[in-house]
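Below is one structure, written out as structure tokens, with a few remarks after it.
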Amino acid sequence: MTFQLHIRTPKDIAQAARAEQRAQIVAAVDTHIEARARMLGYNSAVSCVSYRASKVQSWVDEAETFSAWRDSVWEALIALCAEPGDGEAPLPDAESVIAALPVWPG
């Protein structure tokens with residue numbers, strides 16, 4: 001039997017906590033996007049966007065609108081969670097992030 005001792009500094013612990021918080025924010029935004037697709041009647045965001053290849057123009061339009069909105073949401077998230085300075089500034093909570101995201105245009 002062997003044991004390994006991993007010494008974690010306060011900085012290591014803070015970085016791990018920040019990475020976990022970032023993952024929670026990304027998961028919340030992904031859930032937000034998927035919920036919008038379901039509200040529109042699709043099984044998922046991927047399903048919605050797949051209608052860009054449809055021959056029905058209204059479905060193409062909705063898929064393109066959804067895709068543009070989804071892109072703007074992820075771009076906004078990247079801007080909101082950019083690493084300012086030394087990367088130790090607190091991240092906003094998931095609810096605050098979602099409130100600051102672009103609203104659905106439809």
From the residues in region 8-17 that are assigned to a helix (DSSP H, G or I) and not hydrophobic (A, V, I, L, M, F, W, C), which one is surrounded by the most Cβ atoms within 10 Å (Cβ to Cβ)?
-> GLN15
For region 1-36, name all the residues that are closer than 15 Å to LEU101 by Cβ and either at pLDDT below 90 or of a type in the set (A, V, I, L, M, F, W, C) (or both).
-> ILE25, VAL26, ALA27, ALA28, VAL29, ILE33, ALA35
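If we only count helices (runs of 4 or more DSSP H) wholly inside region 18-106, which ones have 3 or more residues that are surrounded by 14 or more Cβ atoms within 10 Å (Cβ to Cβ) and over 14 Å from the mean Cα position of the chain (by Cα)? Talk me through it step by step, then tell me what you get.
Numbers: elements: 45-50, 57-80, 94-100.
In region 18-106, 45-50, 57-80 are the helices (runs of 4 or more DSSP H) which contain 3 or more residues that are surrounded by 14 or more Cβ atoms within 10 Å (Cβ to Cβ) and over 14 Å from the mean Cα position of the chain (by Cα).
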Cβ pairs under 8 Å, 6+ apart or interchain, first in region 1-18 and of a type in the set (Lys, Arg), second assigned to a helix (DSSP H, G or I) and surrounded by 10 or more Cβ atoms within 10 Å (Cβ to Cβ), ordered by first then second residue, are ARG8/ALA16
Filter region 33-69 for residues that are without any contact (Cβ under 8 Å) to a residue 24 or more places away in the chain, in contact with a Phe, Trp or Tyr (Cβ under 7 Å, 6 or more places away or on another chain) and not β-branched (Val, Ile, Thr) and give the result.
-> CYS48, TYR51, TRP59, ALA63
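The values are calculated or read from the model by the stated rules, or taken from the named source; none is laboratory data. Fair warning: this is a prediction, and the values are worked out from it, not measured in the lab. When we count neighbours, we look across all protein chains shown, and the Cβ atoms used for this are built from the backbone with ideal geometry, even at glycine.
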